[in-house]
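The values are calculated or read from the model by the stated rules, or taken from the named source; none is laboratory data. Keep in mind that what you see is a predicted model, and the values were worked out from it rather than measured. As a convention, Cβ positions derive from the backbone with ideal geometry for all residues, glycine included, and neighbour counts pool all protein chains shown. Accessible surface areas use protein heavy atoms only, side chains included; no ligands, DNA or RNA. Shrake-Rupley method; radii C 1.70, N 1.55, O 1.52, S 1.80 Å.
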Amino acid sequence: MDTLLLSRIQFAANISFHILFPTITIALGWVLLFFKLRFNRTGERKWMDLYMFWVKVFALSFALGVVSGITMSFQFGTNWPGFMEVVGNVAGPLLAYEVLTAFFLEAVFLGIMLFGASRVPGWLHTLATFLVAFGTTMSAFWILVLNSWMHTPVGHEVRDGIVHAVDWWAIIFNPSMPYRLSHMLLASGLTVAFLIAGLSAYRWLRGDRGQEVAAGLRFGVILGAVLIPIQILAGDMHGLNTLEHQPAKVAAMEGNWETQGNVPLLLFALPDEETRSNAFEVGIPSMASVILKHDPAGVVPGLNDFVTAEGEVMHPPVAPVFWSFRVMVGIGMLMLVISWAGAWMLWRRGVEGMPKPYLWGLTGMSFAGWGATLAGWYTTEIGRQPWLVQGVLTVEQAVGDIASGMVLSTLLAYVAIYIALLAAYVGVIFHLARKGGRYDAPVASPGMQPAE
């Protein structure tokens, strides 16, 4: 295991841990704003109870996201110096915009969200919630601008091996950015929907039958049922965009070796890069061509087109991309079934009529969004290999010249710490759910002074 492979694994471990928490905070900020606005309008205590419970989850997620994000930024200098040396003129400003326009909003106003409900005027507490929610979305925007540009780089020129920005509008609104941004925002919404529904179901099963628990369960199920079909549509559009700009990635996702028409949609296969074929294929005839080309005879690119005459493979490793894509889609289909079944039961029976097996299943889906997000992220990032910036910079060119033993030791330390932190996070989340409780402190209505 050389420095390149170890550095890739280390960065993958860091970003896999980090992405879990922004995936929650991006959408949860807006959900908290919804809860607060509902309380402002109706005066019903259940909405404030929901707000004060979930703002704790937001704060915990925000803290872990910040800590893990810092370690990633260090790795740009330690493990991947070639990245900033070559594309720093683009990446540096975009990362700075994220800090200046987004992170400061979250950090400054989070304290008011957490502790200000009974200490500041109601309008200020609501405004603080909005600014934090806006900040999380802007943070996602700038990070996804950079990530999208790395997949579909435009608006730049290369002089003496260094990338220089020539059109910032083209860089920011690069060809894949709208699709990646919408796909990620919807993924965050689904993650939060199932987290709220799952923890509310857990509280309900433990005998906590308060109005806020029922409202949270209803809200989570309905939000998931609304967002999942939109996500399926957004994912299809994202796939078509990827086919246009990164056909090798799509070929790996489909496990398709030869450029041809009538390509089946493989439900199961074992891709083998040595024989450049699949074993044990189970698929739906011509369906991949229908999905990607809207024509059963539509020609889909094959992996063999991305091997040079000298035998150099210029497509991603097939099996990880093939399987991670199917895990993502599989979890998405499960979300569709669970949320729509729940919405039907809510319509027919209400929360009180939901059977225990369904509620336990919903509890088990509490962190399903994490699984789908990670699988989608692996599909996207592994699918870009061997490029770090598509067509501009390879991963091998960017890695630092450091001892493999040093990378291995820090990798093991990172993984051990992350496992411990993740276990603690999940444990605290369920501890909060078991503790439950109402928020009894007086709260100022909009426009009022702090409650006495």
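I'm checking my understanding of the structure. Among residues of segment 99-129 that are of a type in the set (A, V, I, L, M) and touching a Ser or Thr at 6+ places or on another chain (Cβ under 7 Å), which one is surrounded by the most Cβ atoms within 10 Å (Cβ to Cβ)? Checking each candidate, the answer is M113.
With respect to R159, is the statement that it is among the basic types (K, R), at pLDDT 90 or above and in contact with a helix residue (DSSP H, G or I) (Cβ under 9 Å, 6 or more places away or on another chain) true? So R159 fails the test. Scoring N79 on the criteria (1) open to solvent by 30 Å² or more (accessible area, probe 1.4 Å); (2) in contact (Cβ under 8 Å) with a residue 24 or more places away in the chain; (3) out of contact with any Leu (no Cβ under 8 Å at 6 or more places or on another chain) leaves a single failure, condition (1). Of everything listed in (1) under 20 Å from the mean Cα position of the chain (by Cα); (2) open to solvent by 50 Å² or more (accessible area, probe 1.4 Å), the single unmet condition for V313 is (1). So for segment 273-281 (the condition being out of contact with any Lys or Arg (no Cβ under 7 Å at 6 or more places or on another chain), free of Cβ contacts under 8 Å to residues at least 40 places away in the same chain and β-branched (V, I, T)), does at least one residue qualify? Yes, some residue in segment 273-281 is out of contact with any Lys or Arg (no Cβ under 7 Å at 6 or more places or on another chain), free of Cβ contacts under 8 Å to residues at least 40 places away in the same chain and β-branched (V, I, T). Condition test on V132, is it surrounded by 14 or more Cβ atoms within 10 Å (Cβ to Cβ) and closer than 21 Å to L186 by Cβ? Yes, satisfied. If you go through segment 94-124 and pick out every residue that is among the aromatic types (F, W, Y) and within 30 Å of A165 (Cα to Cα), you end up with 3.
Scanning segment 291-310 for residues being aliphatic (A, V, I, L, M) and open to solvent by 40 Å² or more (accessible area, probe 1.4 Å) gives a total of 5. Name every residue in segment 386-418 that is of a type outside the set (S, T, N, Q) and closer than 22 Å to M150 by Cα, in order of residue number. Correct list: P386, W387, L388, V389, G391, V392, L393, V395, E396, A398, V399, G400.
Take A59 and decide whether it is within 17 Å of G135 (Cβ to Cβ), open to solvent by 30 Å² or more (accessible area, probe 1.4 Å) and aliphatic (A, V, I, L, M). Against the criterion (within 17 Å of G135 (Cβ to Cβ), open to solvent by 30 Å² or more (accessible area, probe 1.4 Å) and aliphatic (A, V, I, L, M)), A59 does not qualify.
Conditions (1) in contact with a Phe, Trp or Tyr (Cβ under 8 Å, 6 or more places away or on another chain); (2) within 26 Å of G235 (Cβ to Cβ), marked per residue:
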| site | (1), (2) |
| --- | --- |
| W340 | no, yes |
| A343 | no, yes |
| G353 | no, no |
| P357 | no, no |
| G361 | no, yes |
| G364 | no, yes |
| L374 | no, yes |
| V399 | yes, no |
| V407 | no, no |
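Of the residues in segment 17-28, none is open to solvent by 30 Å² or more (accessible area, probe 1.4 Å) and more than 17 Å from T191 (Cβ to Cβ). Among the residues making up segment 229-251, those that are among the polar types (S, T, N, Q) and in a helix (DSSP H, G or I) are Q231, N241, T242. Remark: pairs (first residue in segment 165-189, surrounded by fewer than 18 Cβ atoms within 10 Å (Cβ to Cβ); second residue among the small types (G, A, S); Cβ separation under 6 Å; 6+ apart in sequence or on different chains) = D167/G155; A170/G155. Note on segment 252-275: among residues that are out of contact with any Asp or Glu (no Cβ under 9 Å at 6 or more places or on another chain) and in a loop (DSSP other than H, G, I, E, B), the one that is most open to solvent (accessible area, probe 1.4 Å) is E274.
It is to be established whether one or more residues within segment 76-88 are in contact with a Ser or Thr (Cβ under 6 Å, 6 or more places away or on another chain) and either β-branched (V, I, T) or more than 30 Å from A214 (Cβ to Cβ) (or both). Yes; the residues of segment 76-88 include at least one that is in contact with a Ser or Thr (Cβ under 6 Å, 6 or more places away or on another chain) and either β-branched (V, I, T) or more than 30 Å from A214 (Cβ to Cβ) (or both). Determine whether L105 is modelled with pLDDT under 85, part of a helix (DSSP H, G or I) and more than 18 Å from L146 (Cα to Cα). Considered against the rule, which asks whether it is modelled with pLDDT under 85, part of a helix (DSSP H, G or I) and more than 18 Å from L146 (Cα to Cα), L105 comes out as yes. Residues that are in contact (Cβ under 8 Å) with a residue 12 or more places away in the chain, open to solvent by less than 60 Å² (accessible area, probe 1.4 Å) and farther than 22 Å from V66 by Cβ number at least 3 in the following helices (runs of 4 or more DSSP H) confined to segment 331-434: 356-364, 368-382.
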